[in-house]
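The values are calculated or read from the model by the stated rules, or taken from the named source; none is laboratory data. In this text, all values refer to a predicted model and were calculated from it rather than measured experimentally. Neighbour counts run over all protein chains shown; Cβ positions are idealised from the backbone, glycine included. Quick note on the areas: whole protein, heavy atoms, side chains included, nothing else; ligands and nucleic acids left out. Shrake-Rupley method; radii C 1.70, N 1.55, O 1.52, S 1.80 Å.
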Amino acid sequence: MQLETRAQTLLKALVERYIADGQPVGSRALSKISGLDLSPATIRNIMADLEEMGYVASPHTSAGRVPTPRGYRLFVDTLLTVQHLDGQHGVDAGRMHLPAQQPQKLIANAAQMLSSLTQFAGVVQSPRRESVFQQIEFLRLSEKRILLVIVDPRGDVQNRLLLTEVDYTPSQLVHSANYLNQNFAGLTFDEVRRRLTGELRQLQEDIGGLMQTAVQAGSEAMAEGSEEMVISGERNLLSVSDLSSNMSSLRQMFEMFEQKTGLMQLLDMSSKAGGVQIFIGGESKLVPMDEMSVVTAPYEVNGKIVGTLGVIGPTRMAYERVIPIVDITAKLLSNALSHS
């Protein structure tokens, strides 16, 4: 529902005041800060309408109102004025930089930068590692025990032990490796799996089974060895009363950091959407707490999106300041990784 201009102005003033001091905002305060020449009765009527539409709520302990997740969503989508980082708010965009380093070090530094600049938690999803192989070898260790050796295009080597139901001969192993290398080198294991399915009928049954096992094991091996995400500054959130006010909130928060599954889903979703995304607790099921929000942005390597970074903080955060920090850090990381 489209709000009239007066209602938008009052909602914007209410959200900004609540973010600033965390106290319910009353009609008298709104009449002073909104800049509108309205009577207290008119303001009360508009606020009652906003409450009925679900944009604000009245805590039992106060006559003032606070924004709901729906109110925050309208605020960040249509009413928010994003700041330019110029040093006036403790952040100078010109001084934000990530020096050229090893990729994993860059990711750790980006997470630390996000945490340091916002005083919340910074998170960076590690670049997705494509499970592309350049060469495969099978080494027979003993009866029904085979070592799968995978070389990726960068020359990195991954090993995987295969326990098979069949005792393959050395010639069968060489034939299988040659077939995979000649027909599928340079493809991901997912692509190999799809293509191989249609060709198994033309292969000996035993060798076909070995290849299927090798593709599955190869895919798992390539996925291992890289940290899925780096999180920095979790302890900062202990200082945020909105998130640490009770044991239930603390438990939910640390379960999120420990399990990481929901956080990974959120970051994956963000990378597909593109641009800065804001996930607000109580609205997005991927955010485990009503009082928590996550601001994210994807980053690239040579023009291709490979991961997502973001800031985890309270719903009552200064979005106008956090959004450009996340956006600029994503651009800096993209540039640094593309030239590392």
From the list 76, 123, exactly one residue is at pLDDT 90 or above, open to solvent by less than 40 Å² (accessible area, probe 1.4 Å) and part of a helix (DSSP H, G or I). Which is it?
76
Residues located in segment 270-282, provided they are out of contact with any Asp or Glu (no Cβ under 7 Å at 6 or more places or on another chain) and at pLDDT 85 or above:
270, 275, 277, 278, 279, 280
Considering only residues that are under 13 Å from residue 210 (Cβ atoms) and among the polar types (S, T, N, Q), look in segment 142-177 and name the one that is least open to solvent (accessible area, probe 1.4 Å).
176
Return the pairs, sorted by first residue and then second, in which the second residue is surrounded by 13 or more Cβ atoms within 10 Å (Cβ to Cβ) and assigned to a loop (DSSP other than H, G, I, E, B), the first residue lies in segment 140-155 and is β-branched (Val, Ile, Thr), the beta carbons are less than 7 Å apart, and the residues are 6+ apart or on different chains.
146/164; 146/168; 150/133; 151/133; 151/134
Filtering segment 183-192 for residues that are more than 13 Å from residue 211 (Cβ to Cβ) and surrounded by fewer than 16 Cβ atoms within 10 Å (Cβ to Cβ) leaves a count of 4
Filtering helices (runs of 4 or more DSSP H) wholly in segment 231-340 for at least 1 residues that are hydrophobic (A, V, I, L, M, F, W, C) and within 20 Å of residue 75 (Cβ to Cβ) gives 241-244, 261-273, 319-338
Take segment 267-323 and flag every residue that is open to solvent by 10 Å² or more (accessible area, probe 1.4 Å), among the small types (Gly, Ala, Ser) and touching a Leu at 6+ places or on another chain (Cβ under 8 Å).
284
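Residues are listed down the side, and each one gets a yes or a no for (1) in contact with a Cys (Cβ under 6 Å, 6 or more places away or on another chain); (2) over 23 Å from residue 239 (Cα atoms); (3) modelled with pLDDT of 90 or more:
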site	(1), (2), (3)
287	no, no, no
296	no, no, yes
320	no, no, yes
329	no, yes, yes
339	no, yes, no
Condition first: open to solvent by 50 Å² or more (accessible area, probe 1.4 Å), within 36 Å of the chain's Cα centre (by Cα) and over 26 Å from residue 241 (Cα atoms). Now tell me which residues in segment 9-56 satisfy that.
49, 52
Can you tell me which residue in segment 135-173 is farthest from residue 192 (Cα to Cα), limited to those that are part of a strand (DSSP E or B) and β-branched (Val, Ile, Thr)?
146
Kindly check whether there is at least one residue in segment 248-256 that is within 17 Å of residue 125 (Cβ to Cβ) and either at pLDDT below 90 or open to solvent by 40 Å² or more (accessible area, probe 1.4 Å) (or both).
yes
